[in-house]
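Data first, discussion second: the structure below is written as structure tokens.
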Amino acid sequence: MDLKLPYSWIKEHLVTHATPAEFAKYLSLSGPSIERVSRVKNDSLLHIEVTTNRVDMASVVGIAREASAILPRFGIKAGPIPLLVKKNKNTSSKKIVVKDKKGLSVRTTGVVLEQITNWATPIWMKDRLEACGIRSLNAPVDITNYVMLEIGHPLHVFDFDLIKNHQIIIDESRKGEKVVGLDGQTYRLTSGDVIFRDVTGKIIDLPGIMGTQNSVVRPHQTTKFLLFSDDVTPQKIRKTSMELGLRTMAAQYNEKGVDPQLGLVAIKRATDLFITICKPKAVGQIVDNYPHPVTPKTIAVTPEFISQKLGIAVTALEIQKIMEQLGFIVKKDRGGVLQITAPSYRSGDIQIPEDIIEEVARIYGYHQIDGTLMEGVLPVNPNLVFDFEWAVKNSLVNLGGIEVYTSSLVAKGDMINTKGVKLSNPMGSDTEYLRDNLSTSIQKVLVNNSKKQGKFFVFEMANTYLPVKNNLPEEKNMLCLGFADYSFSDATEIIKAFLTKTGIKSTTQPTITGLNFLIGKNTIGEINLIGDCAIANFAVTALHTNAKLVTYQPTNPNSPQIEDLKFEIAPRIYLGEVMTEMEKIINVAKVELLDRFDHFVTFRIYYQSPDKTLTDKEVARIRQKLTDVLSTQFAFKYQA
Amino acid sequence: MDTNDIQNLKNRAIADILNCENETELEAVRVKLLGTKGEITQVVRSIGKLPIEEKKAVGRAINETLQIIRNELANKKIFFTDPKTTDTWFDPTLPGVKPQTGHLHLISQAIHEISTIFEKIGFNRERYREVEYDYYAFGALNFPDNHPARDDWETFFVDTKPDPQKGAVLLTPHTSSGQIREMETKKPPIRMINIAKTYRRQSDISHSAMFHQFEGLVIDRGINIRHLKGTLDYFAKSYFGPEAKSRIRPYHFMFTEPSFEVDFSCSICNGVGCGLCKEGWVEVGGAGMVHPNVLKAGGIDSTKYSGFAFGWGVERVIMMRPGIGIPDLRILYSTDLDYLKQF
């Protein structure tokens, strides 16, 4: 929660000589984060970030309290100035009746003030509210906002006469009920929103969030004012506020669970300000309903436990001093155990001994704790897949590949299976599904770059998400490559080079659209011609399990005999397969495709034996074998 | 010595210079003419001895000769050193065939760098699920049932039936969901660095709906705040350089107690304070001591073991690198080759 508070206001509740800059610096190290100090008129404005668990700090008094514990640790004297409230005489018999049969509000407190003579907000209050980002309206409303920021408990002021029979019934909404807020907007409620009704059932307030138009004070018309405080369950406040998009300051406080004790303090403080500023003719009795007061927790901790978790020795005395400065009550029992009781405004966030550690450590100062690395036994069995992935990516980069990261969230049209993994709350229809393939994303990368780039290839390694019945989807790590301006054959050569470099020995099998890569009978990947582009996909796990360390092969000391052979070929022949067959013949070390024209091909043959240099006679025999195989298996005609 | 002699000397000198075939010969000619004992030097020296009426004319002639010889020497020198004038001339500036250079993505580079840094101090890299049950992302991490992080406008949910025990299926908004997975499969000592894709319903200059986080988790006997501070400082120095510092400040997370905000000293201004940091510090992420409820959920005895965890965006540390100058986090995910080829 972000709030802005003038430093002058804080200093009304704190004696200190700290400059605003020092104040900001030291509080940020040990307490609330003060993001920035800006200047307004003759004042410094502190921009404060309060974490959700510490709504008790989200006020002038709360910040002053923190500061009085923190600043002395940095050698700056600081002490709180207690807020004094007057005991006012009851001069009005008017009072509000609150019915809360469902127990929807922990506490409700109200007081009636009659016949005010001043509606104008004093300049000093107006300036402060505006510095804090709150628009000044009129004195009665401004006082409630002022007290909210000062004490940290939201208040509301009603026109008492607009509440029929002076009776508030706390209830939950029915689905579809409508209400007009202070802002003039109509809000449609869902069921279960906490609301105030009058005796007729009419909704007269969205408690803890916003007042409604039918009960709000009317400048210069209202004669009786009801200052009111309530403590509706934080979860209910959050639900209603988020559903209606009503993120009022009151809602931001109340959804974090403000201390009900503060409700009464806030009412008393507001009454004092009302009397001083608005000068009412009569003040009623405070009506306070608090059937089940919150009891703060007492937590037992030992100084040893705290020292252990901090890594430094802290004495019982030091702990006691720190905790007492923060408003905790500390009792030491005979066994040296400290019994620490939280103040009411901390009863929400202080639950376990670790919470005490945090208080001691931050006030002691995290900056005073020296860092050190761990000792001890190291964990074993590293997951080796990451080294493999790194090697794969690097070998593709070495071949000229450019790695891309595209979004896992795609449109329905990008899916192979539209029964795939779908989001229930996507940000838009173009990011509605978790992709079940990388190809579509890679194709888009190719298309988007094709106009200004020449020949290139990109790759991505990422999960695809495949639905599994009654379980989480399978997250299948895939490698996808896309080739732009590459011939299909050249793209395939890149893949083959990559596989060899990765230690994978695979065979290929032609399909209608391209090639499958196989190890034994298992397909580990494929390359397909899609439009003008070749796109390849591999399952990373399959690559990893089949990657073998390279075994040394003795190099051949004998020079090869090289010759070119020309053949007339039959149509629709897979030349790659033919060449694989040719290389199976003993002492045919290598076959290259030299030329292909019409229905003629020329191969360059490397005859080579590991044992000796082949004689012309021996080569002739191999050539014979070769032409026989080509003619019988593939109907090739040798062109001597 | 009269002006005629000087004219002859000049002609001979020019011929000598023009006849030179290489720089060494040229240097020899220069010494012969202009060296301390050179022919022209000697003529210059002798001027003083001449009668006054000759001095003027001879002086003018020798000055002119000197200038011409110097020019010729310089011209000949250029002839020998400028490649444009040689016989073996070729154009070394002619463009060739550009090689295809590969490029590893910045995110991959950073992930590798981060994991290497942590592996050096005994961490094991892991990558846990992106699509996860509520239990791992929130429930077991001590989030109460109605915590706002579970709201529809914060976290992505998968359109499927919730598991009766483990709750709704969602896209992990943080790598912290890997904590429980790690504890379920391993026993202390645990030193894990979990790097994975994470998702949140947000998109602006410093957020992308899909991003990468890294999460450190250490669980062992006697782990305390000092160890966390030491680890953070070690990372700051390893990644940003030996001058870098880290600090922790109070913060609040459900799954750690105490919780911290982690700041690194600004690597742009070296911690002095600049427009991009807060008085020399930059907020990077969160950390804390593992909450006893989380240890319990992971089946680890919190009376014997304690631990710490930290985590933040991979993109964040990339953007913080001095000099990288990427103004918008979403640019990292651009697939424009003109960008990808820069790194």
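Overview of results
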{"item": "Filter result (under 25 Å from the mean Cα position of the chain (by Cα) and either crowded, with 23+ Cβ neighbours inside 10 Å or over 12 Å from A:Pro207 (Cβ atoms) (or both)) within segment A:227-245", "result": "A:Pro234, A:Gln235, A:Ile237, A:Arg238, A:Lys239, A:Thr240, A:Met242, A:Glu243, A:Leu244, A:Gly245"}
{"item": "Members of segment A:282-317 found to be away from every other protein chain (no Cβ under 14 Å), part of a helix (DSSP H, G or I) and surrounded by 16 or more Cβ atoms within 10 Å (Cβ to Cβ), listed by number", "result": "A:Pro303, A:Ala316"}
{"item": "Tabulated pairs, segment A:426-451, first in contact (Cβ under 8 Å) with a residue 40 or more places away in the chain, second open to solvent by 40 Å² or more (accessible area, probe 1.4 Å) and not small (Gly, Ala, Ser), C-beta under 8 angstrom, 6+ apart or interchain", "result": "A:Asn437/A:Ile416; A:Ser439/A:Ile530; A:Gln443/A:Ile530"}
{"item": "Selected residue [assigned to a strand (DSSP E or B), surrounded by fewer than 24 Cβ atoms within 10 Å (Cβ to Cβ) and within 10 Å of chain A (Cβ to nearest Cβ)] from B:Arg247, B:Arg201", "result": "B:Arg247"}
{"item": "Criterion (surrounded by fewer than 19 Cβ atoms within 10 Å (Cβ to Cβ) and either within 14 Å of chain A (Cβ to nearest Cβ) or within 28 Å of B:Lys296 (Cα to Cα) (or both)) met by exactly one of B:His147, B:His105", "result": "B:His147"}
{"item": "The listed residue being buried (at least 21 other Cβ atoms within 10 Å of the Cβ), more than 33 Å from the chain's Cα centre (by Cα) and in contact (Cβ under 8 Å) with a residue 60 or more places away in the chain, out of B:Met183, B:Met254, B:Met192", "result": "B:Met183"}
{"item": "Residue in segment B:118-138 that is within 29 Å of the chain's Cα centre (by Cα) and part of a helix (DSSP H, G or I) present", "result": "yes"}
{"item": "Segment A:408-437, subset crowded, with 18+ Cβ neighbours inside 10 Å, within 12 Å of chain B (Cβ to nearest Cβ) and among the polar types (S, T, N, Q), residue farthest from A:Val468 (Cα to Cα)", "result": "A:Thr431"}
{"item": "Leading residue by the ranking (most open to solvent (accessible area, probe 1.4 Å)) among those in segment A:357-372 that are part of a loop (DSSP other than H, G, I, E, B) and out of contact with any His (no Cβ under 7 Å at 6 or more places or on another chain)", "result": "A:Asp370"}
{"item": "Pair list, Cβ < 7 Å and 6+ apart or interchain, from segment A:476-491 residues that are more than 15 Å from A:Gln443 (Cβ to Cβ) to residues that are open to solvent by 10 Å² or more (accessible area, probe 1.4 Å) and among the hydroxyl-bearing types (Ser, Thr, Tyr)", "result": "A:Asn477/A:Thr541"}
{"item": "Residue satisfying all of: in segment A:205-226; farther than 20 Å from A:Pro260 by Cα and of a type in the set (D, E, K, R); surrounded by the fewest Cβ atoms within 10 Å (Cβ to Cβ) among these", "result": "A:Arg218"}
{"item": "Selection within segment B:293-323 - in contact (Cβ under 8 Å) with a residue 60 or more places away in the chain, under 20 Å from B:Met254 (Cβ atoms) and not in a helix (DSSP H, G or I)", "result": "B:Gly298, B:Gly299, B:Ile300, B:Tyr305, B:Ser306, B:Gly307, B:Phe308, B:Ala309, B:Phe310, B:Gly311, B:Trp312, B:Gly313"}
{"item": "Long-range neighbours under 6 Å by Cβ, at least six apart or interchain, first residue farther than 11 Å from A:Leu14 by Cβ within segment A:78-90, second open to solvent by 70 Å² or more (accessible area, probe 1.4 Å)", "result": "A:Val85/A:Lys268; A:Asn90/A:Gln285"}
{"item": "Count of residues meeting criterion [within 23 Å of A:Gln261 (Cβ to Cβ) and buried (at least 19 other Cβ atoms within 10 Å of the Cβ)] in segment A:101-131", "result": "10"}
{"item": "Hits in segment A:377-407 - residues which are outside any helix (DSSP H, G or I) and either small (Gly, Ala, Ser) or more than 8 Å from chain B (Cβ to nearest Cβ) (or both)", "result": "A:Val380, A:Leu384, A:Gly400, A:Gly401, A:Ser407"}
{"item": "Total residues in segment B:217-244, condition more than 9 Å from chain A (Cβ to nearest Cβ) and either under 30 Å from B:Thr303 (Cβ atoms) or among the polar types (S, T, N, Q) (or both)", "result": "4"}
{"item": "Candidate set from segment A:455-508 (those that are farther than 22 Å from A:Phe388 by Cβ and at the interface with chain B (Cβ under 9 Å from one of its Cβ atoms)); member that is surrounded by the fewest Cβ atoms within 10 Å (Cβ to Cβ)", "result": "A:Asn470"}
{"item": "Neighbours by Cβ (under 7 Å, 6+ apart or cross-chain): first from segment B:271-292, away from every other protein chain (no Cβ under 11 Å) and open to solvent by 20 Å² or more (accessible area, probe 1.4 Å); second assigned to a loop (DSSP other than H, G, I, E, B) and of a type in the set (Gly, Ala, Ser)", "result": "B:Gly271/B:Gly280; B:Val272/B:Gly280; B:Gly273/B:Gly280"}
{"item": "Conditions (1) among the small types (Gly, Ala, Ser); (2) in contact (Cβ under 8 Å) with a residue 40 or more places away in the chain; (3) out of contact with any Leu (no Cβ under 7 Å at 6 or more places or on another chain): number failed by A:Ser408", "result": "(3)"}
{"item": "Given (1) touching an Asp or Glu at 6+ places or on another chain (Cβ under 9 Å); (2) outside any strand (DSSP E or B); (3) open to solvent by less than 10 Å² (accessible area, probe 1.4 Å); (4) of a type outside the set (Lys, Arg), index of the condition B:Val262 fails", "result": "(2)"}
{"item": "Qualifying positions in segment B:284-295 - more than 22 Å from A:Ser307 (Cβ to Cβ) and touching a helix residue (DSSP H, G or I) at 6+ places or on another chain (Cβ under 9 Å)", "result": "B:Val284, B:Gly285, B:Asn293, B:Val294"}
{"item": "Residues of segment B:117-133 that turn out to be facing chain A (nearest Cβ under 8 Å), touching a helix residue (DSSP H, G or I) at 6+ places or on another chain (Cβ under 6 Å) and either open to solvent by less than 20 Å² (accessible area, probe 1.4 Å) or modelled with pLDDT under 95 (or both), as a count", "result": "1"}
{"item": "Within segment A:84-100, tally of residues that are in contact with a helix residue (DSSP H, G or I) (Cβ under 7 Å, 6 or more places away or on another chain) and either among the acidic types (Asp, Glu) or surrounded by 14 or more Cβ atoms within 10 Å (Cβ to Cβ) (or both)", "result": "5"}
{"item": "Elements of type strands (runs of 3 or more DSSP E) in segment A:103-178, at least 1 residues being in contact with a helix residue (DSSP H, G or I) (Cβ under 8 Å, 6 or more places away or on another chain) and not aromatic (Phe, Trp, Tyr)", "result": "A:105-114, A:156-159"}
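Rundown of residues vs (1) under 19 Å from A:Val287 (Cβ atoms); (2) surrounded by 14 or more Cβ atoms within 10 Å (Cβ to Cβ), yes/no style:
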| residue | (1), (2) |
| --- | --- |
| A:Phe160 | yes, yes |
| A:His166 | yes, yes |
| A:Ile169 | yes, yes |
| A:Glu177 | no, yes |
| A:Thr200 | no, no |
| A:Ile203 | no, yes |
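The values are calculated or read from the model by the stated rules, or taken from the named source; none is laboratory data. On a predicted model such as this, the values are computed, not experimentally measured, just so you know. All Cβ positions, glycine included, derive from the backbone under ideal geometry; neighbour counts span all protein chains shown. Just the protein is used for accessible areas: all its heavy atoms, side chains included, with ligands, DNA and RNA removed. Shrake-Rupley method; radii C 1.70, N 1.55, O 1.52, S 1.80 Å.
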